[in-house]
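Asker: My structure is below; once you've seen it, I'll send some questions.
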Amino acid sequence: MPPTRHGAVVRRACKRLQTRDDDNACKLRPVWLFDLDNTLHNASARIFPEINRLMTDYIARRLGVSREAADALRQQLWLRYGATLLGLVRLHGVDEAEFLRETHALDDIGALVVPGRGLATALRRLPGRKIVFTNGPAAYARQLLFHLGIDRHVDRCVAVEQMRLHGRLRPKPSRAMLRAFIARERLDPRRCVLVEDSAPNLVAARSLGVGTVLMTAHLPSVKRRRINWAKLKIHDLAILQRRISHFL
Ligand SMILES: [Mg+2]
């Protein structure tokens, strides 16, 4: 039977309804903001010791201090600013790009990576938009996502170089930076979920109405017990899919 004008009108109406359903489904699906280090992989095992060594070397060289003094300063700045880089930029005028390049120059990152259990499958099965939101530099994050085998399951990567307000660096746990990011991307904070191992970063997100998931897989047990306000605590990303109703 040849197609009728009425049939074409019905098909167009069905298509419009389908598009509207898809839009509504998209609006209802969470936007996942995944931290990278010690959330998607075990950074403490091999990568952090290497990065810490490179940071200590850089600080000792740049500020002309002993390795012991540089190591202590690295840790103090991390505790005070949430990112060693931010403290070095503010207090010592360190060049951001140089610091990030020299402290993340890992010879064979693929040999150092320890992926989270069932990582690629868990991300593939998880509905919603997936954004990696990391205080690490973009080149490092890109390499890691590739070696973790999850680059195709991630929609976007926001690295530390992009965490800015009025041109100034504002990495996690900056609440103002996260608020600006959510506004710029036109996201509904109630649909966003931050998955993290860092308590200060989760506190900032929670104050904006963002859902919070504490990844405990690479945390010492004392810290794991102390944080009891996160909406969900997980040790394995596969749990997210089973508990997705918490965030819908
Ligand atoms: Mg982390």
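Only the coordinates and a few stated rules stand behind these numbers; no lab work does. Note that the structure is predicted; figures quoted are calculated from it, not measured. Counting neighbours? That spans all protein chains shown, and the Cβs are built from the backbone with ideal geometry, glycine included.
Asker: Over the chain, what is the percentage of antiparallel beta bridges among all DSSP beta bridges, to the nearest 5?
Answerer: Working: 3 of 22 bridges.
Taking every DSSP beta bridge within the chain, about 15 percent pair in antiparallel fashion.
Asker: Same structure again: Please order L91, L119 by the number of other Cβ within 10 Å, starting at the fewest. Walk me through the numbers on the way to the answer.
Answerer: Values: L91 13, L119 18.
Going from sparsest to densest Cβ surroundings: L91, L119.
Asker: Note the angle between two axes, namely the Cα long axis of helix 67-81 and the longest principal axis of the Cα atoms of the chain, as a number of degrees from 0 to 90, rounded to the nearest 10.
Answerer: Compared with the principal axis, the helix lies near 40 degrees.
Asker: Same structure, new question: Below 28 Å Cα-Cα, how many Lys pairs turn up in the chain? Only count pairs eight or more apart in sequence, or on different chains, if you could.
Answerer: 15
Asker: With unit charges on the beta carbon (Lys/Arg positive, Asp/Glu negative), name the residue among I150, L202, P30 whose Cα is farthest towards the positive pole of the charge dipole of the chain.
Answerer: Of the listed residues, the answer is P30.
Asker: Note the angle between two axes, namely the Cα long axis of helix 175-184 and the longest principal axis of the Cα atoms of the chain, as a number of degrees from 0 to 90, rounded to the nearest 10.
Answerer: Helix 175-184 sits roughly 30 degrees off the main axis of the chain.
Asker: In addition: Suppose R0 equals 22 Å. What FRET efficiency, 1/(1 + (r/R0)^6) with r the Cβ-Cβ distance, do H235 and V203 give to the nearest 0.05?
Answerer: 0.60
Asker: Can you work out the PRE-style zone for L91? Point 7 Å along Cα to Cβ, and I want the residues of segment 160-176 with backbone N under 20 Å.
Answerer: 169-174
Asker: Quick one: if you stick a label point 7 Å off each Cα along the C-beta vector at L248 and A176, how many nm between them?
Answerer: Going from the L248 label point to the A176 one covers 3.8 nm.
Asker: Once you keep just the Cα pairs under 8 angstrom separated by 6 or more residues, what percentage relative contact order results for the chain?
Answerer: On the way: 337 pairs, mean separation 56.2, N = 248.
Relative contact order comes out at 23 percent.
Asker: Ok, one more. Report relative contact order for segment 47-103 in percent, whole number only (criteria: Cα-Cα under 8 Å, sequence separation at least 6). Working shown, then result.
Answerer: Values: 39 pairs, mean separation 17.7, N = 57.
Dividing the mean separation by the residue count of segment 47-103 yields 31 percent.
Asker: Within a 10 angstrom radius of the beta carbon, how do S174, S66 rank from fewest other beta carbons to most? Before the final figure, lay out each step's value.
Answerer: Details: S174 21, S66 10.
Result, fewest neighbours first: S66, S174.
Asker: Per residue, what volume in Å³ does the convex hull of the Cα atoms of segment 47-103 enclose?
Answerer: Values: hull volume 4.0 nm³, N = 57.
So the per-residue hull volume is 71 Å³.
Asker: Tell me what the chain gives for mean residue ellipticity at 222 nm when only DSSP H runs of n ≥ 4 count, each as -39,500 (n - 2.57), the sum divided by the residue total, rounded to 500 deg cm²/dmol.
Answerer: Details: 12 runs with 124 residues, N = 248.
It comes out at -15000 deg cm²/dmol, rounded to the nearest 500.
Asker: Suppose each label sits 7 Å from its Cα in the direction of the beta carbon; what would the R226-R117 distance come out to in nanometres?
Answerer: Label at R226, label at R117, 2.5 nm between them.
Asker: Suppose we keep just the alpha-carbon trace of the chain; what are its Rg and Dmax in angstrom?
Answerer: 21.2, 86
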